[in-house]
1. How far, in nm, would the chain grow between Asp79 and Thr37 when pulled straight, counting 0.36 nm per residue and subtracting the alpha carbon separation?
2. Quick check: net charge around Gly15, other residues with Cβ under 12 Å of its Cβ, Lys/Arg +1 and Asp/Glu -1?
3. What relative contact order, as a whole-number percentage, does the chain give when Cα pairs under 8 Å and 6 or more residues apart are counted?
4. Would you mind giving the average projected area, over all directions, of the Cα convex hull of the range 13-101 in nm² with one decimal?
5. Along the Cα-to-C-beta direction of Val4, a point sits 7 Å from the Cα; which residues of the range 61-76 have their amide N less than 15 Å from that point?
6. Could you let me know the centre-to-centre spacing of the range 70-84 and the range 1-45, using Cα atoms, in angstrom?
7. On C-alpha positions alone, give me the angle between the axis of helix 53-62 and the longest principal axis of the chain, in degrees, nearest 10.
8. What lysines could a cross-link reach from Lys90, if we take a straight Cα to Cα line under 29 Å and drop same-chain neighbours fewer than 8 places away?
Amino acid sequence: MSRVCELTGKGPMSGNNVSHAKNRTRRRFLPNLNQLTLMSEKMGRGYSLRISAAALRSVDHRGGLDAFLAKAKDTELSDRALKIKREISKLDDAADAAVLTA
């Protein structure tokens, strides 16, 4: 399983450990990933995703998973998150069509 956030695309970064004597050795900075189940109000079910703590704050700030995915760029999302986004947009399109015909 890769260490990449499924919603933001945030992955490992590299840098240096710097000792008091200024010796530098390479190291990796890993994202703070958590396995969470996020609820979709429009779909009425939960989706298990591996996301970073920063992404969780962004989801809360934007008003939930549906609103976050609506504004998210497709290039940053994982394949699973893209599939969820497409399902939600299909449901929105069907609801809009039903309103127009009524």
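1. Full-extension gain reported as 13.5 nm.
2. +4
3. Averaging sequence separation for qualifying contacts and normalising by length gives 25 percent for the chain.
4. Projected over every direction and averaged, the Cα hull of the range 13-101 covers 7.8 nm².
5. What the label zone holds, given the 15 Å backbone N cut-off, is 73-76.
6. For the range 70-84 versus the range 1-45, the Cα centre distance is 17 Å.
7. For helix 53-62, the angle is close to 30 degrees.
8. Partners within reach: Lys10, Lys42, Lys71, Lys73.
Read the figures in this text as sums done on the coordinates, not as results from a lab. These figures come from a predicted structure and were not determined experimentally. Don't worry about glycine lacking a Cβ; one is built from the backbone with ideal geometry, like all the others, and counts go over all protein chains shown.
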